Amino acid sequence: GAVVSQHPSWVICKSGTSVKIECRSLDFQATTMFWYRQFPKQSLMLMATSNEGSKATYEQGVEKDKFLINHASLTLSTLTVTSAHPEDSSFYICSARVSAGTDTQYFGPGTRLTVL
Amino acid sequence: GESVGLHLPTLSVQEGDNSIINCAYSNSASDYFIWYKQESGKGPQFIIDIRSNMDKRQGQRVTVLLNKTVKHLSLQIAATQPGDSAVYFCAEIPHSGGYQKVTFGIGTKLQVIP
C-alpha cells in the first residue's frame, strides 16, 4: 500500500515551453501532497504543500506563478513549470501524506526535467 | 536557521559488515524523525521512523537510535548488502499541528564493497 506515482518519469522540453507533472496516490486518498526539487548530489528542497481543494502553500523563494500547483482531487496533484528555462532543469519529486493523523510521507519516483 | 545535517557525506562499507550513518539536528522542537533511502534516479523510500518519546527502534536489519540530549540520530544497518548502496537522508518533522513540513538533511552516500 501507500504507492505514489508520477508522470512523466522524464521529460525534455525547449526553453519557453510549459511542462505539467502529475502526482497520483494509487491506493489511498491524500489530502496533502508535497512537491520537492532536488539538484544532483543535493538534498530535497520543499517547494510547496498542496492541499486538496485549496491553494498551495509555497516555501519562501519559490515563485508561485512559475510553479503552478493544482490539487483537484484526493488522488491527484499537478505541478506545472511555466515558461521553463534551463535553470529549471532538475529532479522533481512529489510525496503524499496518507492521512491527517499520520506524519509519514510516501514519495513518488520523481520526474527528471531537462530544459534545452 | 535551524537545519538537519549529516557528519559523513560518503561511507564505504564491506559487504556483510554493519553500517552506521549519523545525523545531527538542531531543532529541539522536532519530535518525529524519519530515515529515507534514495537510489539513483528514484524517489526517497521510507526506511524507519522514530518519535521523540523513544530512544531506539528496530526494523528488519535496521535500527534507529535517537539521543535527544545531544540532538543526534543514527541509522544502523546490519549485515550490509550491495542492495543497500544508496544515499540515506535523515529527516525531521517539528510538532507543528496540521502542517507537517519535512526538513531533509544533506544525505550520506553508502557504498557497499562486494
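Observations on the model:
- Residue list for segment A:11-29, filter: in contact with a Leu (Cβ under 8 Å, 6 or more places away or on another chain) and either within 19 Å of A:Arg97 (Cβ to Cβ) or of a type in the set (Phe, Trp, Tyr) (or both): A:Ile21, A:Glu22, A:Cys23, A:Arg24, A:Ser25, A:Gln29
- Leading residue by the ranking (farthest from the other protein chains (Cβ to nearest Cβ)) among those in segment A:58-110 that are among the small types (Gly, Ala, Ser), assigned to a strand (DSSP E or B) and within 14 Å of the chain's Cα centre (by Cα): A:Ala72
- When we screen B:Thr63, B:Thr69 for residues that are more than 18 Å from B:Val102 (Cβ to Cβ), part of a loop (DSSP other than H, G, I, E, B) and more than 11 Å from chain A (Cβ to nearest Cβ), the only hit is B:Thr69.
- Pairs where the first residue, in segment B:67-87, is exposed (fewer than 14 other Cβ atoms within 10 Å of the Cβ) and the second is not in a loop (DSSP other than H, G, I, E, B), C-beta under 6 Å, 6+ apart: B:Pro82/B:Val112
- When B:Lys101, B:Lys37 are checked against the criterion of being within 30 Å of A:Ser90 (Cβ to Cβ) and facing another protein chain (nearest Cβ under 10 Å), a single residue qualifies: B:Lys101.
- Number of residues in segment B:26-45 that are part of a strand (DSSP E or B) and touching a His at 6+ places or on another chain (Cβ under 8 Å): the value is 3.
- So B:Ala78, is it more than 29 Å from A:Pro8 (Cα to Cα), at pLDDT 95 or above and hydrophobic (A, V, I, L, M, F, W, C): yes
- Just one of the numbered conditions (1) assigned to a strand (DSSP E or B); (2) buried (at least 21 other Cβ atoms within 10 Å of the Cβ) is not true of A:Ala30: (1).
The values are calculated or read from the model by the stated rules, or taken from the named source; none is laboratory data. None of these values were measured; they are calculated from a predicted model. We place every Cβ from the backbone using ideal geometry, glycine too, and count neighbours over all the protein chains shown.
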